[in-house]
Structure formats: C-alpha cells, structure tokens
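A short worksheet on the structure shown next.
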Amino acid sequence: MESAEDDDAEWRAPCSISLVPSLELSNITSSTPHKVIVHFDMDCFYAQVEMLRNPALRHVPLGIQQKYIVVTCNYLAREQGLTKLMSVTEAKEKCPELVLVKGEDLTHYRELSHKVTELLVSYCPLVERLGFDENFMDITEMVERRLQQYETCTFNGHVYSNNYSEDKAKMYPWLAVGTFKPNQQTTLLPEDISSIMGSLSSVRKVQGIGHQTAKRLQGLGVSSIKDLQIFPLDNLAREFGESSARRLKNIAIGSDDSAVTPTGAPQSLSDEDSFKKMSSPKEVLEKIQELLACLVERMHNDGRRPQTLRLTIRRYSASNKWYSRESRQGPIPSHIGQKIINGNFDNAVDQLTSLAMKLFYKMVVSNKAFHLTLINSISSKDPNDHFTQSG
Ligand code: DGT
Ligand code: MG
C-alpha cells in the first residue's frame, strides 16, 4: 500500500488487488470519487500457505485436497489446466505429477488470514474482512494525502482502456496515486467499468450477488450482468423492493457506495466438518469432541471468556442439498469458560461436549434414524450475539 520503492513485494506479489472507486450512479464519469477502496484477494490462498510452510512445494504443481476435491491449486498446477474445485481424479488425469496436500484442518489458513488482515490494519484502520482471503481497505485519506505531495502522476503497470492517453492520469489522479506501484497491476478506468461489467457472464461473478439472489434474478430471466444492466428498474423493484433493486442496478454497472466497516476481533469462533453420511450417535460424539478440541484452543488463544455455544447440523436432503441447516444454542456456564481461559483443555472439552450433545438431542430424536452431512460448532463471547461474524 505504500509507495513503489517500499520493499513489500513479499506480501504484495501473491494477491490480486483491485482499486474500487466508489461513484454515484449518476456520476459515473466524474473524476471525484467519494472513496477509494482497495480490494485484496489472495492468489491461490491455501496453496500459498502450504508453500510458505514448505518452500519445496513452490516448485511443483500443488493441489490442496479436501475430501475428494482439489479446493485450490498453485499456479504451476493451473498452467497444466487445473482449476479450483476440480475432483481429485480429474486433477490427477490432467496433471499426473500433481502433489496433493490435505487441507481439511484450517488452522494454518485461518492464522495466516488473520495475519494478512493485521498487516493491512497496520497501514490503515479501515479494513473489512470478507471470508478468509479477501479484505476491503478504505484508503481515501491516504490518497488525499498523497495527492497533496505529488504534482504529477502517471499510471504504473497496465491500463485497461480502449481509449488510453497520457492525460487520463490527470483526469483520474486519485486512481493513478492509488495504484502507484509496479507488479503487473492493471488499472481499469471509470469510463470502462460499465462495459467490462457487462462482459461478465453470470451475475454470480459480482460481489454482493449470492446464490439466492441469483436464483430470483434467474426467475425474472436475468442471468448475465448485461441482462441486469438493461432490465427495467421498476420490474426489478417489484421483486426485490425499491432499495435492493437500486443496489442491484448499481452493482451491475460497477457502482457500490457501501462503507468499509472495520472488522475488529470476531464476535464468535467456529469450526465445522462436512461428510457424506453420519448416522450414529458415537460418530456424532467423536466429531463434536474433535471440533471442540480445536475450538477450545482457539477460544483460549482469543483470551475472551466464551459465553454461548451453538451447534448446527445439516441433515441429508436430496432436494435441498446445501441449505437445510438447523441449530440450537445454550449458555456456557462460567466455570467452563474459566477452564478455557486457564488452559484446562481436556476438562473443558469434555464438559462442552456434553453440552453440545444435549443441543444435538434437541434436534435429533434419540432412537430415530438420522443422516447428517455437516456438523458445526460456534462459540461466542457475547450471550446476545447473533453469530453474524465468525473467524
Ligand atoms: P484465486 O483467488 O482464484 O487465485 O484462488 P484462491 O485459492 O485464493 O480461491 P478463492 O479466493 O476463491 O478462495 C480462497 C480459499 O478458500 C481457497 O484457497 C480455498 C478455499 N475455497 C474456495 N472455494 C471453496 C469451496 O467452494 N469449498 C471449499 N471447501 N473451500 C473453498
Ligand atoms: Mg483468492
């Protein structure tokens, strides 16, 4: 984030950075943004963490395996045609020399993810985490300070533009200053945003449009961003309401003026595992014990006394495979919380496990058959927490 001469290539190189000028819909060609926001997305994140842990892996095609899926792979593997979320069988067919590392234990990914956020926060407090490997950072103030220091500035790296000329840097000085660094950055000028957005195939490519929204849009015949750009606002408002419809229309032209909300320490910590079939109480007990052993250690490192335990299960359902989660929660008695803080792990895990099993039997009738595909446990430091933000 600092100037080009800073030696921050160690962390800067392995991530994609986009600068997000936040503009009003009606003001899209203006050179005066309200905010300048950087979006960081780590490249092949889990693979990078494994390459840091074992540098020998940098020189081989590497895939990270969870169950029978390669959830991500390094760039050497991508050169051989591997993609994220490919089956292990297909990945090995494409690249027989592929080295696979198991990635089911998320501890190291989680730790590095927080380190990246901490590093960004050391430059600027307005950093918002989005999952493990993405962060938004509002650098408006930094840019304003920089603009006062530089009389002239130019774009470094590539510029994506059909109509580029040197004076574009004068038109968009905040953008030139914000991307003032080498390393193959590409600057997208505001006047080209709408057209590049229109070239994206699916609405799901856009931050802020999830599975459910995409499904509702599909119902209206809107599947691409171009479709959304030309779809009448009134018709969209009938389905989503006025304000969501406006937001969707804005997103479709690359305009989003929501604020970066600093994330801070997570309100809750969670761990989960998914599987094809779990149908015996013994397996459930063992899985809960395993999840809680990891969670208790993280709660201890967090240092705040956990107050609430929540257990989530997903039952098998052929029709609604991914969205049928149920959960129950209960308070963590203070003596158990204290054991966690004191580092009395075994005892705390045993007591939390029996609490979690009670929650489990509130959802599953004890003598009836069941088929689970996921178990998740969350602990929260706040008894009134709604579990919206977990780390
Ligand atoms: P990128 O950003 O295209 O260079 O590649 P990644 O690997 O950073 O992928 P990204 O940013 O979509 O996700 C970050 C990490 O999250 C990734 O390294 C592995 C994990 N991940 C992504 N998608 C899935 C998924 O659908 N299932 C599971 N279990 N993990 C996923
Ligand atoms: Mg990534």
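Of Y68, Y75, all but one fail to be loosely packed, with under 13 Cβ neighbours inside 10 Å, at pLDDT 85 or above and under 24 Å from the mean Cα position of the chain (by Cα); the exception is Y68. Filtered by the rule that a residue be closer than 27 Å to K276 by Cβ and either away from ligand 1 (no atom under 11 Å from the Cβ) or in contact with a Gly (Cβ under 7 Å, 6 or more places away or on another chain) (or both), segment 68-85 gives Y68, V70, V71, C73, A77, L82. When Q65 is tested against the conditions (1) under 21 Å from E111 (Cβ atoms); (2) outside any strand (DSSP E or B); (3) more than 8 Å from ligand 1 (Cβ to nearest atom); (4) without any contact (Cβ under 8 Å) to a residue 60 or more places away in the chain, the lone failure is (2). Across segment 63-81, the number of residues qualifying as of a type in the set (A, V, I, L, M) and within 15 Å of ligand 2 (Cβ to nearest atom) comes to 4. Could you please give the count of residues in segment 145-162 that are touching a residue at least 24 places away in the same chain (Cβ under 8 Å) and either exposed (fewer than 14 other Cβ atoms within 10 Å of the Cβ) or more than 32 Å from the chain's Cα centre (by Cα) (or both)? Matching residues across segment 145-162 total 6.
Note on segment 328-375: residues that are closer than 24 Å to D302 by Cα and assigned to a strand (DSSP E or B) amount to 5.
Among the residues making up segment 274-284, those that are surrounded by fewer than 17 Cβ atoms within 10 Å (Cβ to Cβ) and either under 18 Å from the mean Cα position of the chain (by Cα) or in a strand (DSSP E or B) (or both) are S274, F275, K276, K277. What single numbered condition from (1) away from ligand 1 (no atom under 16 Å from the Cβ); (2) in contact (Cβ under 8 Å) with a residue 40 or more places away in the chain fails to hold for R216? For R216, the exception is condition (2). If only residues of segment 87-120 that are within 22 Å of K276 (Cα to Cα) and within 16 Å of ligand 2 (Cβ to nearest atom) are counted, the one that is surrounded by the most Cβ atoms within 10 Å (Cβ to Cβ) is G103.
Scanning segment 196-246 for residues being aromatic (F, W, Y) and under 25 Å from H39 (Cβ atoms) gives a total of 1. The residue that is modelled with the lowest pLDDT, counting only those in segment 29-62 that are of a type in the set (A, V, I, L, M) and near ligand 1 (Cβ under 7 Å from one of its atoms), is M42. Starting from segment 83-97, keep only residues that are of a type in the set (V, I, T), then list their pairs with residues that are in a helix (DSSP H, G or I) whose Cβ atoms are within a distance under 9 Å, requiring at least 6 positions of separation or different chains. Matching pairs, first to second residue: T83/A91.
E141 meets each of the listed conditions (1) at pLDDT below 85; (2) under 15 Å from V36 (Cβ atoms); (3) surrounded by fewer than 20 Cβ atoms within 10 Å (Cβ to Cβ) apart from (1).
The values are calculated or read from the model by the stated rules, or taken from the named source; none is laboratory data. The structure presented is a predicted model; accordingly, all values stated were derived computationally and were not measured. Ideal geometry is used to build each Cβ from the backbone, glycine not excepted, and the neighbour counts take in all protein chains shown.
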